[in-house]
Amino acid sequence: MSEPPVITVSGLITRFGEQVIHQGLDLEVKRGEILGIVGGSGSGKSVLMKELIGLLRPAAGTLRVLGHDPHTQDMREAEALRRRWGVLFQEGALFSALSVAQNILMPMREFTDLSIPLRRDLAAIKVALVGLPPEAADKHPSQLSGGMKKRVGLARALALDPEILFLDEPTAGLDPISANAFDELILSLRRSLGLTVVMITHDLDSLITICDRIAVLVDKRIVTGTVAELAQHGHPWIRDYFNGPRGRAVLARTGS
Amino acid sequence: MTAAPFLWLQRTPSEHGEIWLPRGEWRISNAVAIDRALQALALPAATAQPGVILDLSQLEGLDTAGAMLLWQLYDRATEAGIRVDLGAVPEAFASLFTAVGVVHDKPMPRPVRMNPFYARLILLGKATVSVVQDSLCFLSFLGLITLTLWRNTIQPWRLRFTSIIFHVEEIGLKALPIVGLLSFLIGVVISYQGAQQLQQFGADLYVVNLLGVSILREIGVLMTAIIVAGRSGSAFTAQLGTMQVNQETDALRTLGLEPVELLVLPRVIAMVIALPLLAMYANILALLGGAVMCWVQLDISLGPFLRQMQEAIDLWTLWVGLIKAPVFAFVIAVVGCYQGFRVSGSAESVGQLTTRSVVHGIFLVILLDAVFSVLFAWLDI
């Protein structure tokens, strides 16, 4: 494929005081793929995502998302870029003062001139697309279960039909049935909306069933590959990750 | 940008019926224009056979908003009695178009509008019931504290002395700068205002009486109580509320530890110790402020000031003020802790209840102050 990658990271260095998190990290994400990011606790997965979405400035290195620098000083460019991706935070990060419908309507209200009925219709479609019942629309986030909160967060992230979807541990804290349903949902959204998905996850099942490629954060750098490639990798942490009892069980079940 | 329909939807008649060719990028950025164009679109007569073919082969872009608009067009035509056949759907858009088609006719329920009179009535009823319930809860919380206090009095080794001392430092020692500064300024203000009025009668010296009585009886302790309610009462609610959100209080209970004994009692006791001390300190600083102002403005130096002060007040003037301090302290601490335990679920309620704790704390302090005034008048003190 000659299409340029949607995300390019090269020579990324992140430091918090003395502590070095990323040391010359490189990463490429292709259009339309689902990339899973894994790594031990404190290896800087969430930090990497925050840098990609422009919330945290790295010490050095170049970042390009959809051809733009997410840390650009040009306010217009930054704003336009931010509308082209959607982010689902770990706990949903819903606005607790607003109802579900208002949460989803918020980006549409701020960034489009759509009429109110049109916006409501569109929000209803998003609610239905993420598999929420219509009655959920008027509830407040505190009345929702963890899984429903994540679905609402996803609907809000999808409000403006983004090109890239960033997910931070989308299936953490969900029961296996909800987690499977969520995986299915992401696959179907990718298929129908043509999304590129970058997800941090520790869920081996979703890593193996829905991710096209996996990026492993080890030794302050990234190793990418498919599950089969990584299972053969020489690095002890990666080998243990995929060949531990859990990894083997999932691999055996999915037959890869 | 124009609203001409042909820009977004090209219509060509054919022998199989009219062909509708959506053109261009049917995306959210164009949704307003597309919607306007579609609203202006005149549907063919329902009788015009054999209907319409919706052909998506000329589409250049489609997202959820665009798919929704296509389906709305489809619905509108079908409802008008026109037969709509779907022509070719390019592979790139097929799954999105189908996905939206499956879900597009599930509108969100509209919020139910109620008669405003009934709505108010219901609100009033709910508020009344919640006031009654709240008072009962507060009463039982008070009972719980009293019981725990009793148990700790007969088994004093159960008291958490470290915790009490920590809270005395938090409530008392760390409040010294702000309480001192505000009291000093209050003394200055009373002295200044009093002097301006009393000078007119040549009764300059009676500013000292005004200062002594008003500060020692009322203002010193009241100001301190209000500052502490805002500073420490709110902190109690926020601390206990956060622990409640984090399930720390549940964890304590499962370990066989009683949150009231562990968290509330040290705070209440520390408050009852610290507030009278703070009030005394506030009295001194306020009188000092008054003395400075007397000297600057009325040329009353420290000697005559003290002599007049001795004439004006006796020991009871001081006691009448200080006796109120432990009562205020108890109320502020109990209200703060009570609101903290009422926090449930969200972090949002921590904020709400912290506000309420300060408002209720100050309200009760002033109410009790009024009760004390009546009581002292009755006792002729």
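No value in this document is a laboratory result; all are computed from the given coordinates. From a predicted model like this one, the values you see are computed outputs, not experimental measurements. Don't worry about glycine lacking a Cβ; one is built from the backbone with ideal geometry, like all the others, and counts go over all protein chains shown.
A few comments on the model shown:
- Of the residues A:Gly86, A:Gly11, B:Asn30, the one whose Cα sits farthest toward the positive end of the charge dipole of the protein assembly as shown, with +1 on the Cβ of Lys and Arg and -1 on the Cβ of Asp and Glu, is A:Gly86.
- Dimensionless Rg over Rh [the protein assembly as shown; C-alpha; Kirkwood]: 1.13
- Largest GNM mean-square fluctuation among A:Met199, A:Met49, A:Met106, using chain A with Cα springs under 10 Å: A:Met106.
- Anchor A:Lys50: lysines whose Cα lies under 20 Å away (excluding residues fewer than 8 positions away in-chain): A:Lys30, A:Lys150, A:Lys220
- Dipole magnitude (debye, nearest 20) for region B:24-164, charges at Cβ of Lys, Arg, Asp, Glu: 1360 debye
- Magnitude of the charge dipole, the protein assembly as shown, Cβ model with Lys/Arg +1 and Asp/Glu -1, debye to 20: 640 debye
- Descending Cα extents along the principal axes, chain B, whole Å: 115, 62, 40
- Under the shape rule built on the C-alpha gyration tensor, where the axes satisfy a ≥ b ≥ c, region B:225-271 is oblate, since a/c reaches at least 1.5 while a/b does not exceed b/c.
- Within 10 Å of each Cβ in A:119-127, the average number of Cβ atoms from other chains: 6
- Around the amide H of A:Val87, modelled in the peptide plane, lie the amide H atoms of A:Phe166, all under 5 Å away and 5 or more residues distant in sequence or on another chain.
- The alpha-carbon of B:Lys126 sits under 14 angstrom from the alpha-carbons of these aspartates and glutamates, leaving out residues fewer than 8 places away in its chain: B:Asp134.
- One compactness figure for region B:207-316 is 1.59, namely its Cα radius of gyration divided by 2.2 N^0.38 Å.
- ³J(HN,Hα), Karplus 6.51/-1.76/1.60, whole Hz, each residue of region A:180-185, x for Gly, Pro: 4, 4, 5, 4, 4, 4
- Max mean-square fluctuation residue, GNM over chain B, Cα-Cα springs under 10 Å, options B:Pro22, B:Pro177, B:Pro156: B:Pro22
- Start at zero, step by 10 Å, and the Cα-Cα distances of region B:114-197 spread as 13, 16, 18, 21, 23, 9, 0 percent across the bins.
- By average C-beta atoms within 10 angstrom, highest first, the peptides B:78-89, A:139-150: A:139-150, B:78-89
- Additional length obtainable on full extension of the chain from B:Ala42 to B:Thr78, 0.36 nm per residue less Cα span: 11.6 nm
- Less than 5 angstrom separates the built amide H of A:Ile34 from those of A:Val197, A:Asp212, A:Arg213, all sequence-distant by 5 or more or on a different chain.
- The C-alpha atoms of region B:229-381 occupy a region whose extents along the principal axes are 64, 36, 24 Å, arranged from largest to smallest.
- The distance between label points at A:Ile13 and B:Leu7 comes to 5.1 nm (points 7 Å beyond Cα on the Cα→Cβ vector).
- When the convex hull of its Cα atoms is projected in every direction, mean area for region A:1-156 (nm²): 11.6 nm²
- Of the chymotrypsin sites (Phe, Trp or Tyr not before Pro) found in region A:1-108, the ones in coil according to DSSP and having at most 15 other Cβ atoms within 10 Å of their Cβ are A:Phe95.
- For peptide A:132-143, the mean count of partner chain Cβ atoms within 10 Å of a residue's Cβ comes to 3.
- From phi via Karplus (6.51, -1.76, 1.60), per-residue ³J(HN,Hα) for region A:121-126 in Hz, x at Gly/Pro: 4, 5, 4, 4, 5, 5
- Considering region B:6-142, its Cα convex hull presents a mean projected area of 14.2 nm².
- Order by protection proxy (mean Cβ within 10 Å, highest first), peptides A:22-28, B:126-132: A:22-28, B:126-132
- Cα centre as origin, Lys/Arg/Asp/Glu Cβ charges: region B:239-381 dipole, Debye: 140 debye
- Neighbour-count order for B:Ser344, B:Ser183, fewest beta carbons within 10 angstrom listed first: B:Ser344, B:Ser183
- Counting Cβ atoms of other protein chains within 10 Å of each residue's Cβ and taking the mean over peptide B:90-103 gives 3.
- Farthest toward positive dipole pole in chain A [+1 Lys/Arg, -1 Asp/Glu at C-beta], among A:Ala123, A:Gly44, A:Ser99: A:Ser99
- Against chain B, whose longest principal axis comes from its Cα atoms, helix B:161-171 is set at around 80 degrees.
- Residue-by-residue Karplus 3J(HN,Hα) for region B:318-327, coefficients 6.51, -1.76, 1.60, Hz, glycine and proline x: 5, 5, 4, x, 5, 4, 6, 4, x, 5
- Projecting the Cα positions of B:Asn152, B:Gly180, B:Leu136 onto the charge dipole of region B:100-238 (unit charges on Cβ atoms of Lys, Arg, Asp and Glu, taken about the Cα centre) puts B:Leu136 furthest along the positive direction.
- Of every Cα-Cα pair in region A:123-193, the percent that sits beyond 19 Å: 28 percent
- Semi-axis lengths (Å, descending) of the ellipsoid that matches the C-alpha gyration tensor of region A:16-99: 22, 19, 15
- Reducing region A:237-252 and region B:291-328 to their Cα centroids gives an inter-centroid distance of 79 Å.
- The mean of 1/r over all distinct Cα pairs in region B:165-270, once inverted, gives the Kirkwood hydrodynamic radius of 16.7 Å.
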